[in-house]
Amino acid sequence: MLPWTALGLALSLRLALARSGAESGPPASAPRGDLMFLLDSLASVSHYEFSRVREFVGQLVAPLPLGTGALRASLVHVGTRPSAESSFGQHSSGEAAQDAVRASVQRMGDTHTGLALAYAKEQLFAEAAGARPGVPKVLVWVTDGGSSDPVGPPMQELKDLGVTVFIVSTGRGNFLELSAAASAPAKKHLHFVDVDDLHIIVQELRGSILDAMRLQQLRATEITSSGFRLAWPPLLTADSGYYVLELVPSAQPEAARRQQLPGNATDWTWAGLDPDTDYDVALVPESNVRLLRPQQLRVRTRPGEAGPGAGPAPTQLAALPAPEEAGPERIVISHARPRSLRVSWAPALGAAAALGYHVQFGPLGGGAAQRVEVPAGRNCTTLQGLAPGTAYLVTVTAAFRSGRESALSAKACTAAGPHPRPRPLPRASTPGTASREP
């Protein structure tokens, strides 16, 4: 019986160790990566607003573990032309970076955010600027909400390269466009905050940045029309096991591809893929030391471009330019009462007629959003059932015949409710007078 008892104890111990490894998983890695702050430094931003933004960024960066082998931070100004205040690796501590941010000077100029994003892309991946290959990249864009050039395409390029994008808007931006520009989910990566309330989100945003810097799970970067690169944290070693990578086209499961990699591998590049196609990826760690769960991811390759052999483009008949499908140009908040307020908007001059509007509103501090439909031909509505003394984000969206939508957002505040009147104290009866009972 003794040999069986020893064997049973050994098996029990191994199962206990496996369960412990499966539940606790690998230890969280220290934050390491390149962090870029992109600040609107424009004439449309008042000196007071810029000073509040500087203080906010300084509070964000001060406690961060900046250093050669850890985090590196840089600061870029948005203006007529982008300009770098500091490069990666220039500051050896969070306090030094905070001092540099506080000393930065507003550049003024026009709002060329798209140009600044193209510059940010170069800096985030340029070793000459102090950037490092193979580390997480994070962009924090603090904006007053406007831009005179397109933001969507250059921002999508950054995200396709694996950059995590956080956006902080002071409340005058287009909510739908900023939601699309931020990394998903927008609820975690997009913040609408008044410039005087930026300190409220410092701790939450800093924690989200650090989480993005810790490479905790499988992620896709450098996405092109024919491939992408996968990266993951070191879950195994060369002696403790190996990985199996699976790549399955979502529409063609029979065309699955597999690749076995050693335990010390932390990245792999899939090539020769079809453009504009969804692929399901699985990373399966195989180990006799501890149990590790597979990690899964869905990646969509970028649309392809016509090659030299694609032939001439089909001839198209010339057509008159269609009116631009532009959303509201301006939102006006009026008649603010404790439980209601009026929203009016001005349609863009010369724009195509909208089929109708919908107005979405919800508390800035969080809570359920509501929606009101407004027919074509009207440009105002009254929002009812609001909470007294509360800030709301109001988004007016114009819907067009083509199916396209265009929106504009604004912040609105309800009036504080009336203070409850104190109850009058009962009158004391005068001596010698009997009080009457009701």
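The values are calculated or read from the model by the stated rules, or taken from the named source; none is laboratory data. Keep in mind the model is a prediction, meaning the values are calculated, not measured. Ideal geometry is used to build each Cβ from the backbone, glycine not excepted, and the neighbour counts take in all protein chains shown. All accessible areas refer to the heavy atoms of the entire protein, side chains included, with ligands and DNA or RNA removed. Shrake-Rupley method; radii C 1.70, N 1.55, O 1.52, S 1.80 Å.
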Query raised in the report: Rounded, prolate or oblate: which fits the stretch 50-164, taking a ≥ b ≥ c as square roots of the Cα gyration tensor eigenvalues, rounded meaning a/c under 1.5, else prolate when a/b beats b/c?
Result: oblate
**Report entry** Residue-normalised accessible area of the stretch 219-300, expressed per residue, 1.4 Å probe, Å²
**Finding:** 54
Query raised in the report: In Å², what does the accessible area per residue of the stretch 330-414 work out to with a 1.4 Å probe?
Result: 50
Query raised in the report: Based on the alpha-carbon gyration tensor of the stretch 330-414 and its eigenvalue square roots a ≥ b ≥ c, which shape applies: rounded if a/c is under 1.5, prolate if not and a/b is larger than b/c, or oblate?
Result: prolate
Query raised in the report: With every protein chain present, what is the per residue accessible area of the stretch 58-117 (1.4 Å probe, Å²)?
Result: 40
Query - Size of electric dipole in the stretch 110-214: Cβ of Lys, Arg +1 and of Asp, Glu -1, about Cα centre, debye, nearest 20 - result: 440
Query raised in the report: What shape does the stretch 219-300 take by its C-alpha gyration tensor, where a ≥ b ≥ c are the square roots of the eigenvalues and a/c under 1.5 counts as rounded, a/b above b/c as prolate, and the rest as oblate?
Result: prolate
Report summary line: Of Tyr242, Tyr357, ordered by accessible area with the largest first and a 1.4 Å probe, the sequence is Tyr242, Tyr357
Report summary line: Share of accessible surface on carbon and sulfur in the stretch 330-414, whole %, 1.4 Å probe and ligands ignored, is 51
Query raised in the report: Can you give the accessible area of Cys413, probe radius 1.4 Å, in Å² rounded to 10?
Result: 70
Query raised in the report: Order of 372-378, 46-52 by packing, highest average Cβ count within 10 Å first?
Result: 46-52, 372-378
Report task. May I ask you to give the percent of accessible area on the stretch 219-300 that is carbon plus sulfur, with a probe radius of 1.4 Å? Result -> 47
Query raised in the report: Listed highest first by mean packing, meaning other Cβ atoms within 10 Å per residue, what order do 114-124, 287-297, 83-93 come in?
Result: 114-124, 83-93, 287-297
Query - Unsatisfied cross-links (Cα-Cα over 22 Å) in the set Lys137/Lys188; Lys137/Lys187; Lys137/Lys411; Lys188/Lys411 - result: Lys137/Lys411
